[in-house]
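As structure tokens, the structure follows; a few thoughts come after it.
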Amino acid sequence: MPADPEAVSAGVFVALADPNRRAILTSLAEHGPSTATDLAGRLSITRQGVAKHLRLLADAGLATSGTGSGRRVLFRHRTEPIRVAQSYLAALAADWDGSLERLSAFLDQGES
Amino acid sequence: MPIPNTITRTVDLPHPQEKIWSAVTTLDGLTGWFGSQADGVIAPGEDVVVRWEQYDNGQRTLAIKVVDPMSVFAYCWGISGAPAGDPRRTYVEFALEPTAAGTRLTVTESGFAQLPEEWLESSYQGNVQGWGVELEELVAYLDAG
């Protein structure tokens, strides 16, 4: 596992750039752990397509598999890479320019 | 481009240092430009809660770290947008220095690129091995009941 926030974030953004992978992640977030067959049925993607995307999602650390009851292989999404990407987005969203403009206006206001 | 770990802004203001210090380190000051409401005590080790009406009354807690009169004010707060319970914090510092024409204010926020390895690794591994087992246990518990 690369312990590099840029690499983790890049993996998230690449994964989310594809509509089918986005659909799979969204469906896992919405419905919880699911089999590849569940996902294929829900999303109108072939089972092979789902399997391919799940592999890519697993490589990016965004999905993992486990065995549920009855030996069914269930996939679930992992939130940790998303949280790393979130701090990247927080850096881009930090609005110090806006805050400092408001501070400057506030200081000017006090001038008589 | 790597994730920017530190964001820095420097502004030269035509105002005296005391006035800027007061705007940055009093509840009235913070309410005047930073958020729409600020509550708490501005002293090291204390918390100040700032609320923003314009952002759905969102609020963030500032854990005050440094109050060095007229020169340095610093606090830590959570990563914006991260879920409650996320342990990561960024460090925000306001540094003031006098200039011929007024005051130079430097704001630095750092810690965006931190990757809490032990947290990440442990939750990765913990989740991978743990979730199936937990659900199995829940099912067993419910069945037993």
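Readers should treat all values here as calculations from the given coordinates under stated rules, not as data from a laboratory. Fair warning: this is a prediction, and the values are worked out from it, not measured in the lab. Here the Cβ positions follow ideal geometry from the backbone for every residue, glycine too, while neighbour counts run over all protein chains shown.
Summary table below
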{"item": "Relative exposure of B:Tyr91, B:Tyr75, B:Tyr55, judged by other C-beta atoms within 10 Å (fewest first)", "result": "B:Tyr55, B:Tyr91, B:Tyr75"}
{"item": "Ranked list, fewest to most other Cβ atoms within 10 Å of each Cβ, for B:Thr99, B:Thr25", "result": "B:Thr99, B:Thr25"}
{"item": "Between the range B:1-55 and the range A:14-65, the Cα center-to-center distance that results, in Å", "result": "43"}
{"item": "Calculated FRET efficiency for the pair B:Thr99/A:Thr37, C-beta based, R₀ 51 Å, to 0.05", "result": "0.15"}
{"item": "Radius 15 Å from Cβ of B:Trp21, net charge of other residues (Lys, Arg +1; Asp, Glu -1)", "result": "-3"}
{"item": "Net charge contributed by nearby residues that have their C-beta within less than 15 Å of A:Ala58 (K/R +1, D/E -1)", "result": "+2"}
{"item": "Pairwise Cα inverse-distance average, inverted: Kirkwood Rh of chain A (Å)", "result": "16.2"}
{"item": "Environment charge at A:Leu28 (Cβ cut-off 12 Å; Lys +1, Arg +1, Asp -1, Glu -1)", "result": "+3"}
{"item": "Axial C-alpha extent at least 15 Å, average Kyte-Doolittle at least -1.0 - helices from chain A (DSSP)", "result": "A:5-17, A:19-31, A:47-59, A:80-93, A:96-109"}
{"item": "Residue exposure sequence - A:His53, B:His15 - by fewest surrounding Cβ within 10 Å", "result": "B:His15, A:His53"}
